[in-house]
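The values are calculated or read from the model by the stated rules, or taken from the named source; none is laboratory data. Note that the coordinates shown come from a computational prediction; the quantities given were computed from them, not determined experimentally. Cβ atoms come from the backbone with ideal geometry, glycine included; neighbour counts cover every protein chain shown. Each accessible area value is taken on the protein alone, full model and side chains, heavy atoms only, with ligands, DNA and RNA left out. Shrake-Rupley method; radii C 1.70, N 1.55, O 1.52, S 1.80 Å.
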Amino acid sequence: MAPLDHTSDKSLLDANFEPGKKNFLHLTDKDGEQPQMLLEDSSAGEDSVHDRFIGPLPREGSVGSTSDYVSQSYSYSSILNKSETGYVGLVNQAMTCYLNSLLQTLFMTPEFRNALYKWEFEESEEDPVTSIPYQLQRLFVLLQTSKKRAIETTDVTRSFGWDSSEAWQQHDVQELCRVMFDALEQKWKQTEQADLINELYQGKLKDYVRCLECGYEGWRIDTYLDIPLVIRPYGSSQAFASVEEALHAFIQPEILDGPNQYFCERCKKKCDARKGLRFLHFPYLLTLQLKRFDFDYTTMHRIKLNDRMTFPEELDMSTFIDVEDEKSPQTESCTDSGAENEGSCHSDQMSNDFSNDDGVDEGICLETNSGTEKISKSGLEKNSLIYELFSVMVHSGSAAGGHYYACIKSFSDEQWYSFNDQHVSRITQEDIKKTHGGSSGSRGYYSSAFASSTNAYMLIYRLKDPARNAKFLEVDEYPEHIKNLVQKERELEEQEKRQREIERNTCKIKLFCLHPAKQVMMENKLEVHKDKTLKEAVEMAYKMMDLEEVIPLDCCRLVKYDEFHDYLERSYEGEEDTPMGLLLGGVKSTYMFDLLLETRKPDQVFQSYKPGEVMVKVHVVDLKAESVAAPITVRAYLNQTVTEFKQLISKAIHLPAETMRIVLERCYNDLRLLSVPSKTLKAEGFFRSNKVFVESSETLDYQMAFADSHLWKLLDRHANTIRLFVLLPEQSPGSYSKRTAYQKAGGDSGNVDDDCERVKGPVGSLKSVEAILEESTEKLKSLSLQQQQDGDNGDSSKSTETSDFENIESPLNERDSSASVDNRELEQHIQTSDPENFQSEERSDSDVNNDRSTSSVDSDILSSSHSSDTLCNADNAQIPLANGLDSHSITSSRRTKANEGKKETWDTAEEDSGTDSEYDESGKSRGEMQYMYFKAEPYAADEGSGEGHKWMMVHVDKRITLAAFKQHLEPFVGVLSSHFKVFRVYASNQEFESVRLNETLSSFSDDNKITIRLGRALKKGEYRVKVYQLLVNEQEPCKFLLDAVFAKGMTVRQSKEELIPQLREQCGLELSIDRFRLRKKTWKNPGTVFLDYHIYEEDINISSNWEVFLEVLDGVEKMKSMSQLAVLSRRWKPSEMKLDPFQEVVLESSSVDELREKLSEISGIPLEDIEFAKGRGTFPCDISVLDIHQDLDWNPKVSTLNVWPLYICDDGAVIFYRDKTEELMELTDEQRNELMKKESSRLQKTGHRVTYSPRKEKALKIYLDGAPNKDLTQD
């Protein structure tokens, strides 16, 4: 962009202005900055503007009081340009508004800023990154000289030793002030600024106690950096009206009488006394903290007091100083407790409620200074103690969180400004008055909940003393090191500005390139300056794609490309010297197109791509070989006819146009034969990028209708075939002996065994894949039909001891090199679903494969023949097994139903009953016969796939059902499809079981991976259930046992019978059916006890992914009825500081009296002395023995258990109880610390933690070495 010469006599036309069009001018000042618009009448509407601006501003440009905020058009440069106030804001990192407020206040304090500038950083002695004074110095220089609207504070917080997580921690601004001052004092030791904080901010007061009988007074001197003022006295309904009133209350003495009498050293007895504080010395900069945060003992939560408290612009402190105390002897014996008490005095009013939470004092450590200024009577003249307000730090929000900003008066122009993070604006004295706070009326002690939440929190006054009041240093007064720093920061900012300018003139666009050697499409982002030529951009793209060693530069060019449609829009012949900004249509944030770095071979010539052309990918089809060739690209015009298009293709692929058939694939599997010669390509539906199939042979297929032709079938198969990689299970001999669960329901297996022997054959003459496929498939079909017929006859007791396919070799153990690919193809009749046979909807119960509970041979395969008795009963009706129970199986409402004496009725939808079966109830194969494509061949997978595992590459029509797909896999797996499971492997290597047998493979895509695992696949109505053992008195009360299968219509007792042999074989548990129970499991919490007569999906809702607890009983089951309630009780013994083991209590009703009686029976505690409380959290409701006595809600005033605050409506609730007459053990500090360590270790192992506060806060810390202290005990 060339600047206009204002001295030139050229006309606008000569200066390249275009007539009749919009011409844009970019205005800048002499420094290249965008000028600011000056408001003509800044006083107009001032009040309304300030009303909008005084509160916290949540985001940029939402409200404001300057022209930048009310601008109708958003400008990126407005963020970068300085506010018209001349002051620079600070960027809020996340929750660092409290830090920004304090930093701006310190910056606007002349004495602090000047002293900071006088300090010189020695780089040889310290790392600048960790030097807090240096980073503050840099920040102040930027605040004073930067042309930005706001600057970052990350360098300052990094010098504090904070990481990014600290930016999300909100802290108290007064706490930050004390900790930062302490850190600065530590850094400034043995420098000129060593006593700066004390000189500016430290005052002194006397903490005294005076005997009212003899007049003896004991006292000591305390130092302070701020004065905390109570908003409202404890228990009072009235707040102090003003700061002056709060200051008077602060020094108001209290009388120690009655039990609080003071022991007088002179009287040698306890006497009435007066205790109080007296100010001895006020600092030059007086800091007042308004204690707006209090604690509500009714709700046990902190609250914020928003009551109105006024503060004057000028504060006379002479009325609060004690002149008589100057007569008190200031000797060495006088106690100066500044170092001991770390800057906080010994009055309860002076303590900070929040800094003591962690037992760590985070205040300022001040050493005794013998040179402390003494107070003389001449210095106590009234005029010498007039303070002027110059900073108000405002908090908006509640005790739980909020926003800080600062209102600061500049000593340069006496104007008030609002420093609200990055926003700086002028405000008035009226705006300051709005921060006084105020409520809507008297509503009791905590009425401030109804008041405005925006009010002053910290006030800073400066002593009016012309001799001491400083002005900000002028530029020519800067020390030399500050001048150097200013120059350095200015150069960095200019460099940043130039970089931003480059960024604003850089075109960023997606770049693609098909690698000429690897044939892989690569993607990158091309960033090129708008003034760079196309030739230069090609060279940049060439290097970016690393093609130097692959192809010469002159064999590359950039073309306009549409990656979404894979369409080459145009090429740029003859425009090598054209700027990229012009070619791409300017610098934009996003482009509607991409660029492709096209390559050619040295002996080839680039094709010209013209706008308006369409791209066509031509696939040549060979009917004899049944193959589809890779595409050849041609370009055509939409107004061309089909005949002209055939001629074009004929020249490209050298096939005769007379017998040519062209098929357009408009979208997925939408094949259209171009049969009208005179139609245009546009009329046929061609678009930017198109895909056609071309066949030109003189076969009879040419004369057939397209829908019946071989070409259509071949293209249809081509469009629907996907490639899958299948991992077969182990085929080692040892694994076959374990497959005892592959059992037929009956029938003669002799023929099958003979077939198996024939399949196996003699050693050394193994059959090929296609031979196994043909023979085994027929054999398996006959076997499955025979199995179903035998099942109809009710012969379900027979079972084979070994698999019928024990002797079938895996097809992947052999490779017949002579067998062609075509010979290994399989096209056969398969079963597809018949809609008429499906009366219910199906649903998926895909479970994540759990390696801890399953192996390659699933646990449910290893069950005894009792399983088949359950699956096929004497009535010839299959009981569908279920895959899980809902966590809402039997809810608390069951108690009400039981009390009403009504049988429970549960809404169980037929369509919500698990998975689909491969066969209908008659045992016949479903569906009609269709031809589907399936081809399998061995595949050499990557290393690490596992010993004994084989991979197989399968090409299959994705319209095939899962049931049919499994049948095709039977010969390769070696067992029936009902005895292996299919798991789909996702990108994260997570495996999900595919169980919806009548669904197609349409959700699969090319190169998806499948894992086959042995195990009985679920049928319709079956649910896989994870069984966990409940161990109430163990450290880990939840232990996984096994996977089981439950059935819709099965009773709980039947499922227990099913579990007994599995528990014996897999877990080594020998149980009788009446000595264990099943109960609901919700996370780790035990719930409803399932009674033996409950029926799944009638009394208990079941669903997928269900888990159940198995609980071993000590005696006979006591739970007999739904009206009973089983709770887990645990006795707390405060005199021993320990908890007894859990004991179950079975109640006949929800009566509290019955609970007390039962607890009295098992413990021997008198009924009237029983106190109980409900446990909190997840079972086993662990709690520290240091907390349990006072933290739980003991002895709630209720008569039934099912009301607030107990809400015990279901089994499994935890009840703690105690003897109210038992005294709590008194612990020494050593015993308490030891017990605390033991409890902390115990609770951490169980996933709980020791806590003494419902809201533990992270302490604010500044690390002087720039990194957190590794000593975790200090946290």
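See the values below:
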{"quantity": "Any hit, segment 1016-1033, residues being farther than 30 Å from Asp957 by Cα and free of Cβ contacts under 8 Å to residues at least 60 places away in the same chain", "calculated": "yes"}
{"quantity": "Count of segment 1048-1068 residues which are free of Cβ contacts under 8 Å to residues at least 40 places away in the same chain and open to solvent by 40 Å² or more (accessible area, probe 1.4 Å)", "calculated": "3"}
{"quantity": "Which listed residue is of a type in the set (Asp, Glu) and farther than 19 Å from Gly1212 by Cα, from Glu1117, Glu1107, Glu1057", "calculated": "Glu1057"}
{"quantity": "Neighbours by Cβ (under 6 Å, 6+ apart or cross-chain): first from segment 612-626, farther than 14 Å from Leu681 by Cα; second open to solvent by less than 20 Å² (accessible area, probe 1.4 Å) and not β-branched (Val, Ile, Thr)", "calculated": "His619/Phe693; Val621/Phe693; Val621/Glu695; Glu626/Leu714"}
{"quantity": "Matching option when the condition is open to solvent by 30 Å² or more (accessible area, probe 1.4 Å) and either in contact (Cβ under 8 Å) with a residue 40 or more places away in the chain or of a type in the set (Lys, Arg) (or both), among Ile251, Ile197", "calculated": "Ile251"}
{"quantity": "Residues that are under 36 Å from the mean Cα position of the chain (by Cα) and open to solvent by 30 Å² or more (accessible area, probe 1.4 Å), drawn from segment 143-166", "calculated": "Lys148, Glu152, Thr154, Asp155, Arg158, Asp163, Ser164, Ser165"}
{"quantity": "Filter result for Tyr1093 (of a type in the set (Phe, Trp, Tyr) and either in a loop (DSSP other than H, G, I, E, B) or open to solvent by 60 Å² or more (accessible area, probe 1.4 Å) (or both))", "calculated": "yes"}
{"quantity": "Residue in segment 943-958 that is touching a strand residue (DSSP E or B) at 6+ places or on another chain (Cβ under 8 Å), surrounded by 21 or more Cβ atoms within 10 Å (Cβ to Cβ), not charged (D, E, K, R) and not in a strand (DSSP E or B) present", "calculated": "no"}
{"quantity": "Counted residues, segment 102-138 - those being part of a helix (DSSP H, G or I) and closer than 14 Å to Phe411 by Cα", "calculated": "9"}
{"quantity": "Residue list for segment 573-599, filter: open to solvent by less than 50 Å² (accessible area, probe 1.4 Å) and under 23 Å from Asp546 (Cβ atoms)", "calculated": "Met580, Asp594, Leu595, Leu596, Leu597, Glu598, Thr599"}
{"quantity": "Single residue of segment 469-501 satisfying the filter (assigned to a loop (DSSP other than H, G, I, E, B) and out of contact with any strand residue (DSSP E or B) (no Cβ under 9 Å at 6 or more places or on another chain)) that is farthest from Tyr387 (Cα to Cα)", "calculated": "Pro479"}
{"quantity": "Looking only at segment 1106-1155, and only at residues there that are out of contact with any strand residue (DSSP E or B) (no Cβ under 8 Å at 6 or more places or on another chain) and of a type in the set (S, T, N, Q), the one that is farthest from Lys1026 (Cα to Cα)", "calculated": "Ser1135"}
{"quantity": "Count - residues of segment 628-647 that are open to solvent by 50 Å² or more (accessible area, probe 1.4 Å) and either polar (S, T, N, Q) or more than 27 Å from Leu583 (Cα to Cα) (or both)", "calculated": "8"}
{"quantity": "Single condition Glu430 does not satisfy, out of (1) surrounded by fewer than 18 Cβ atoms within 10 Å (Cβ to Cβ); (2) without any contact (Cβ under 8 Å) to a residue 40 or more places away in the chain", "calculated": "(2)"}
{"quantity": "Residue within segment 1237-1249 that is open to solvent by less than 70 Å² (accessible area, probe 1.4 Å), aliphatic (A, V, I, L, M), assigned to a helix (DSSP H, G or I) and out of contact with any Lys or Arg (no Cβ under 8 Å at 6 or more places or on another chain) present", "calculated": "no"}
{"quantity": "Single residue of segment 998-1021 satisfying the filter (modelled with pLDDT of 85 or more and within 30 Å of Leu1059 (Cβ to Cβ)) that is nearest to the chain's Cα centre (by Cα)", "calculated": "Thr1011"}
{"quantity": "Positions within segment 655-690 being under 26 Å from Arg570 (Cα atoms), within 46 Å of the chain's Cα centre (by Cα) and assigned to a strand (DSSP E or B), in sequence order", "calculated": "Glu665, Arg666, Cys667, Ser689, Asn690"}
{"quantity": "Those residues of segment 974-1006 which are open to solvent by 50 Å² or more (accessible area, probe 1.4 Å) and either assigned to a strand (DSSP E or B) or not charged (D, E, K, R) (or both), in sequence order", "calculated": "Tyr986, Ala987, Ser988, Asn989, Gln990, Phe992, Thr1000, Ser1002, Ser1003, Ser1005"}
{"quantity": "Out of Lys525, Lys518, sole residue that is at pLDDT 90 or above and more than 19 Å from Leu116 (Cα to Cα)", "calculated": "Lys525"}
{"quantity": "Test set (1) of a type outside the set (Ser, Thr, Tyr); (2) surrounded by fewer than 18 Cβ atoms within 10 Å (Cβ to Cβ); (3) touching a strand residue (DSSP E or B) at 6+ places or on another chain (Cβ under 6 Å) - Val173 fails condition number", "calculated": "(2)"}
{"quantity": "Those strands (runs of 3 or more DSSP E) lying entirely in segment 261-304 with at least 2 residues open to solvent by less than 10 Å² (accessible area, probe 1.4 Å) and either within 30 Å of Arg468 (Cβ to Cβ) or not β-branched (Val, Ile, Thr) (or both)", "calculated": "273-281, 285-291"}
{"quantity": "Segment 698-734, subset open to solvent by 30 Å² or more (accessible area, probe 1.4 Å) and among the small types (Gly, Ala, Ser), residue farthest from Phe965 (Cα to Cα)", "calculated": "Ala705"}
{"quantity": "Residues satisfying the stated conditions in segment 685-696, i.e. of a type outside the set (Gly, Ala, Ser) and either closer than 17 Å to Met660 by Cα or open to solvent by 40 Å² or more (accessible area, probe 1.4 Å) (or both)", "calculated": "Phe687, Arg688, Lys691, Val692, Phe693, Val694, Glu695"}
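For every residue, the table says whether it meets (1) aliphatic (A, V, I, L, M); (2) at positive phi; (3) touching a Pro at 6+ places or on another chain (Cβ under 8 Å).
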position	(1), (2), (3)
Thr1178	no, no, no
Val1185	yes, no, no
Asp1191	no, no, no
Pro1196	no, no, yes
Trp1204	no, no, no
Tyr1207	no, yes, no
Lys1220	no, no, no
